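Here, each number is a calculation from the coordinates, and none is a lab measurement. Because the structure is predicted, anything quoted here is derived from the model rather than measured. Methodologically, a virtual Cβ is constructed for each residue, glycine included, from the backbone with ideal geometry; neighbour enumeration extends over all protein chains shown.
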Amino acid sequence: MVRSKHALPREFHRRRMPVVVMIVAICMGVLPALAAEGDPVQWAPADGGNGHWYQLSPRPVDGLDDAIELAASTTWRGQPGYVVSILSEGEKDFLVSTFGGETLYLIAYTDRDQEGDWLWVSGEPSGFEFWASGEPNDYLDEDYAVMNWQHDGAPGGEPPGAWNDLGGWDGLAIFEYDNPAVSCHKINAKGAGQGAPPEAGDPPGLVRTVAQIRGGGHLQGTTEAAFQITDPTPTGFTFVGDLTFTTNRATLTVALDGTLNVVTGEFAASGTVTGSTGKLEGASGTLTFEGVQDLADPAGSFTETVKGEICVDLGGNGKRE
Ligand SMILES: [Ca+2]
Ligand SMILES: [Ca+2]
Ligand SMILES: [Ca+2]
């Protein structure tokens, strides 16, 4: 029996939309915006979805095993990827609306272990199927499946998303990621700190601070910040810069924007999470800082409260040391 992934049978030829027609259609807004490369797209529970995330493989894959390996080496929000399983009409429709119904993509359905016994690589149960008419036909031994099959000559073509079995695959696959559990935590902490010495290369107007954070839960530890002072007036100035929490098991960086009153010493700043590592990797959230600096202290000592909310993917945490 000849098995060659490159010698695809006659069925491989399919109907293509002429490029000019496609460009015109896009310009006229006829075609929906399709996800391309980039971050995975979620089939949101609010839309009746399973919460899973989907994206195209970052490169063409050389057969199913290469796709499985490549998917497992990618992660999204701490979850390893796998080649897509299509378990329902809804999942099929979501994939077509997200990635289009024209281009062939490898899916993780195969009968290579037992001819005719089609199984999902993920081990999820077979049930829903969306074969194009006359498929799967095992033409010259075909054990791998693609979606978006469009028969030349089929009346009206196949519906978008229809599957066909092929002898192999050299092209893009769709990857799927389970949805990690996200847990959000209110922050209500206190901090005490002072100015910190400049570092080599600091530009004029850069102010550094360090502080210890107590009662911060996930953010218990220290902060280091570097703020650029802007818009000075007789009564105060604004500042912008990054503040990074360092805890036993994580870092969290917040891009802050604030003001300091040089008459009273009161300051306030707020910002969103822009970076994180360790146990807090993937965190999102917003924090506000309010406090007062002791203007009589040359060390620039201050006290503050830190409030806000930090949301973390527990799925990611569970997989990290
Ligand atoms: Ca799936
Ligand atoms: Ca087969
Ligand atoms: Ca076939």
Q.
Can you compute 3J(HN,Hα) from phi for each residue in the range 167-172, using the Karplus curve 6.51 cos²θ - 1.76 cosθ + 1.60 with θ = phi - 60°, rounded to whole Hz and x for Gly and Pro?
A. x, x, 7, 9, x, 7
Q.
Between Thr222 and Lys186, what's the calculated FRET efficiency when r is the beta-carbon distance and R0 is 22 Å? Round to 0.05.
A. 0.60
Q | Förster-model FRET efficiency, 22 Å R0, Ser133 and Arg112, C-beta, rounded to 0.05 | A | 0.45
Q: Could you tell me the distance between the Cα centroids of the range 223-250 and the range 270-290, to the nearest Å?
A: 14
Q | Per-pair calculated FRET efficiency, R0 = 41 Å: Thr74 and Glu290 via Cβ, rounded to 0.05 | A | 0.50
(Q) Which residues does the label zone of Glu309 cover in the range 185-201, counting backbone N under 11 Å from a point 7 Å along Cα→Cβ? (A) 185-187
